[in-house]
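Contents: one structure, followed by commentary.
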């Protein structure tokens, strides 16, 4: 019984150590930025964001992700024809955060609240 407990403890220690190592490596990795924002890159980003938003469309500015790996998007609130918030709606706007990632020479766009990622084919990013 003592030998089994030792094996279980040793296995648990290895798993815990691997988790700590991967967490610290991720936290210390520099974050990427786009090499260039042109119309093709902008279109690829917007298509990926739309996929992460289940088809909702949005538009990124021409400076998005060029100096920073994170972009925050304010969700548009529903309004009536006079521009007033519709009854029953929250007054505080929802914010959706996107993060640019680079892995194995490939750029990815991640929706932070779901951690879902989409590969950005044809888009170049660099580590700042």
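Brief remarks on what is shown
- Flag if residue 54 is without any contact (Cβ under 8 Å) to a residue 40 or more places away in the chain, within 19 Å of residue 33 (Cβ to Cβ) and in a loop (DSSP other than H, G, I, E, B): no
- Check on residue 33, closer than 26 Å to residue 114 by Cβ, modelled with pLDDT of 80 or more and not in a helix (DSSP H, G or I): yes
- Residue in the stretch 11-20 that is out of contact with any helix residue (DSSP H, G or I) (no Cβ under 6 Å at 6 or more places or on another chain) and either closer than 21 Å to residue 117 by Cβ or at pLDDT 85 or above (or both) present: yes
- Of the residues screened, residue 78 is not one that is touching a residue at least 60 places away in the same chain (Cβ under 8 Å) and out of contact with any helix residue (DSSP H, G or I) (no Cβ under 6 Å at 6 or more places or on another chain).
Conditions tested, residue by residue: (1) in a helix (DSSP H, G or I); (2) within 15 Å of the chain's Cα centre (by Cα).
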{"position": "42", "(1), (2)": "yes, no"}
{"position": "45", "(1), (2)": "yes, yes"}
{"position": "49", "(1), (2)": "yes, yes"}
{"position": "61", "(1), (2)": "no, no"}
{"position": "71", "(1), (2)": "no, yes"}
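- Of all residues in the stretch 80-99, those satisfying the criterion of being at pLDDT 75 or above and touching a strand residue (DSSP E or B) at 6+ places or on another chain (Cβ under 6 Å) are 95, 96, 97, 98, 99.
- Given (1) surrounded by 10 or more Cβ atoms within 10 Å (Cβ to Cβ); (2) at pLDDT 85 or above, number of the condition residue 67 does not satisfy: (1)
The values are calculated or read from the model by the stated rules, or taken from the named source; none is laboratory data. Every value quoted in this text rests on a predicted model; they were computed, and no experiment measured them. Heads up, the Cβs are rebuilt from the backbone with ideal geometry, glycines too, and the neighbour counts pull from every protein chain shown.
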